[in-house]
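I have placed the structure first, in the form of structure tokens, so that the comments after it can refer back to it.
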Amino acid sequence: MKSGESLVREQYRGGGYRYAISPASLREKGISRPARLASNENPFGPSPAAVKAISRAASQVHRYPDMEALFLVSAINEHFGVSDSVVGVGMDGVIETILRVFIAPGDRVVISVPTFSYYRLAAECLSAEVVPVMREDDFAVDPGAFIDAARGSKVSFLCTPNNPTGTVTPVETVEEILNGIDGMLFLDNAYGEFSRIDYTSLMRKYRNLIIGRTFSKVYGLAGARVGFAFVPPWFVPCYETAATPFALSIISAAAARAALSDREHTEKTVLQVRQWIRKISEECRYPVLPTGANFILIDVSPMTGDVCAELLASKGVLVRSCSSFPGLPDHYIRVNIGADWENELFLEAVETL
Ligand SMILES: *Cc1c(COP(=O)(O)O)cnc(C)c1O
């Protein structure tokens, strides 16, 4: 029988991203409603305004999207007080399109690690040369080391607050890096709403900075897949040329626009996160690292992250083992702030380990 299997490029063999422990696998073990603290989602769900916008948009899905993405871009520019932004299918989709603009096979992409894995995956798909640069022992970014590594690279990635460590990089450090590099800096600010640090003022001074944002976290729209980025003005037409046509659905664009206007929902979420981070940091038996995001990194040694996540799952609490993050020792778990009952269940479960 003929098969195209041998033609598959090296980087696409094997499986893609999987949840280590899925809610579905717990259901088989009789746990029907686990605390879901593994994916940094909004425990309060989507904004009711977004749900309403989705049902309104539903009657238009026989049409290709027309002006919806542009309307969303205008709403984003106005909301955040920036001059130019782009949108895509999750921030992941935005990252993919941005890399397509710059990266040819063999080009260098620098990534500050340990961090979010998708930068590396997206860069490797374009046959880039990926160069990791380690954070310091406390996970702070050493700007000198970053600048040295970024010499000759077209795009560099820095995540702040960083996933999975929660570490916030000060504006001054980012500025020092921008002054030292010649390529593009992609600053991933997926958790920006939780940290109160605003990097957008740097956009006015630096034309090689892109700031990535998402509707998946504080806005509670992870399933709608909408991401965006603040970009320099010259970049907009390049992005539009590289982007997949009609990538953002009418439904997702409508949901995002509505979510943006519901400040009550995002404020309630940020408040929940702040209160519980304080409480869990005080009460958890294991060391909790400082965080600017809606999750915390916990050092569970002498357990490994994998063992700890399995034990917690058996008690109905889903957390993320961090053993798969290159550059991070294997004794960490990442736990996001959930609804009250979920956080309480987590604290109880940790006590019994
Ligand atoms: C969640 C997340 C994203 C993007 O998520 P999308 O759902 O693709 O928008 C990007 N970067 C980091 C660090 C994240 O944690």
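The values are calculated or read from the model by the stated rules, or taken from the named source; none is laboratory data. On a predicted model such as this, the values are computed, not experimentally measured, just so you know. For neighbour counting, all protein chains shown are included, and Cβ atoms are generated from backbone atoms with ideal geometry for every residue, glycine included. Ligands, DNA and RNA are stripped out before the accessible areas are found, and what is left, the full protein with its side chains, is counted by its heavy atoms. Shrake-Rupley method; radii C 1.70, N 1.55, O 1.52, S 1.80 Å.
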**OP:** Please verify whether the range 139-156 includes one or more residues that are of a type in the set (Ser, Thr, Tyr), over 19 Å from the mean Cα position of the chain (by Cα) and in the same structural domain as Phe194 (by TED's automatic domain parsing).
**Re:** yes
**OP:** Could you check how many residues of the range 179-190 are surrounded by fewer than 19 Cβ atoms within 10 Å (Cβ to Cβ) and touching a helix residue (DSSP H, G or I) at 6+ places or on another chain (Cβ under 7 Å)?
**Re:** 2
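Being open to solvent by 20 Å² or more (accessible area, probe 1.4 Å) and aliphatic (A, V, I, L, M) narrows it down to one of Val174, Val231, Val131, Val155, so name that one. Break it down into steps so the answer makes sense when it comes.
On the way: Val174 fails: open to solvent by 20 Å² or more (accessible area, probe 1.4 Å); Val231 fails: open to solvent by 20 Å² or more (accessible area, probe 1.4 Å); Val155 fails: open to solvent by 20 Å² or more (accessible area, probe 1.4 Å).
Just a single option satisfies the conditions, and that option is Val131.
Here is a yes/no grid of residues against (1) away from the ligand (no atom under 16 Å from the Cβ); (2) among the basic types (Lys, Arg); (3) at pLDDT 95 or above:
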site	(1), (2), (3)
Phe215	no, no, yes
Ala222	no, no, yes
Pro233	yes, no, yes
Phe246	yes, no, no
Thr269	no, no, yes
Gln275	yes, no, yes
Glu283	yes, no, yes
Tyr286	yes, no, yes
Ala293	no, no, yes
Subject >> Test for Glu193: is it assigned by TED's automatic domain parsing to the domain that holds Val155, over 16 Å from Ile95 (Cα atoms) and crowded, with 18+ Cβ neighbours inside 10 Å >> reply: yes
**OP:** Filter the range 94-127 down to residues that are in contact with a Cys (Cβ under 7 Å, 6 or more places away or on another chain) and open to solvent by 50 Å² or more (accessible area, probe 1.4 Å), then give me how many there are.
**Re:** 1
Original post:
So which residues in the range 142-197 are within 17 Å of Pro114 (Cβ to Cβ) and more than 16 Å from the ligand (Cβ to nearest atom), if there are any at all?
Top reply: Asp142, Ala145, Phe146, Ala149
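Among the residues that make up the range 45-55, is at least one of them in contact with a Lys or Arg (Cβ under 6 Å, 6 or more places away or on another chain) and in contact (Cβ under 8 Å) with a residue 60 or more places away in the chain?
Taking the range 45-55 and keeping what is in contact with a Lys or Arg (Cβ under 6 Å, 6 or more places away or on another chain), we get none.
The answer is no; no qualifying residue exists.
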Original post:
Does at least one position in the range 270-291 carry a residue that is in a loop (DSSP other than H, G, I, E, B), closer than 28 Å to Val87 by Cα and not basic (Lys, Arg)?
Top reply: yes
Subject >> Residue count, the range 247-275 (criterion: free of Cβ contacts under 8 Å to residues at least 12 places away in the same chain and not basic (Lys, Arg)) >> reply: 4
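Across the range 299-330, what is the number of residues that are in contact with a Cys (Cβ under 8 Å, 6 or more places away or on another chain), crowded, with 18+ Cβ neighbours inside 10 Å and more than 18 Å from Asn42 (Cβ to Cβ)? Give the steps one after another, and end with the answer.
Of the residues in the range 299-330, the ones in contact with a Cys (Cβ under 8 Å, 6 or more places away or on another chain) are 300, 305, 319, 321, 328, 330.
If we keep only those that are crowded, with 18+ Cβ neighbours inside 10 Å too, we end up with 300, 305, 319, 321, 328.
Narrowing the set further to residues that are more than 18 Å from Asn42 (Cβ to Cβ) leaves 300, 305, 321, 328.
Qualifying residue count for the region: 4.
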**OP:** Starting from residues that are open to solvent by less than 30 Å² (accessible area, probe 1.4 Å) and among the polar types (S, T, N, Q), keep the ones in the range 40-71 and report whichever is farthest from Leu209 (Cα to Cα).
**Re:** Ser47
Original post:
Would it be correct to say that Ile280 is open to solvent by less than 20 Å² (accessible area, probe 1.4 Å) and outside the structural domain of Phe71 (by TED's automatic domain parsing)?
Top reply: yes
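Ile210 - would you say it is over 30 Å from Val300 (Cβ atoms) and open to solvent by 50 Å² or more (accessible area, probe 1.4 Å)? Before the answer, list the steps.
On the way: over 30 Å from Val300 (Cβ atoms): yes; open to solvent by 50 Å² or more (accessible area, probe 1.4 Å): no.
No.
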Original post:
Do any residues in the range 214-232 that are touching a residue at least 12 places away in the same chain (Cβ under 8 Å) and in the same structural domain as Ser249 (by TED's automatic domain parsing) have Cβ atoms under 7 Å from those of residues that are within 9 Å of the ligand (Cβ to nearest atom) and among the β-branched types (Val, Ile, Thr), where the two are at least six apart or on different chains, and which pairs are they?
Top reply: Phe215/Val226; Arg225/Val89; Gly227/Val94; Gly227/Thr214; Phe228/Val94; Ala229/Val94
Original post:
Identify, please: which residue in the range 1-57 is of a type in the set (D, E, K, R) and in contact with a Gly (Cβ under 9 Å, 6 or more places away or on another chain) and is, among those, nearest to Ile298 (Cα to Cα)?
Top reply: Arg36
Original post:
Of the residues Tyr199, Tyr239, which single one is over 15 Å from Gly81 (Cβ atoms) and either buried (at least 22 other Cβ atoms within 10 Å of the Cβ) or in contact (Cβ under 8 Å) with a residue 12 or more places away in the chain (or both)?
Top reply: Tyr239
**OP:** Starting from residues that are touching a helix residue (DSSP H, G or I) at 6+ places or on another chain (Cβ under 6 Å) and more than 16 Å from the ligand (Cβ to nearest atom), keep the ones in the range 72-93 and report whichever is most open to solvent (accessible area, probe 1.4 Å).
**Re:** His79
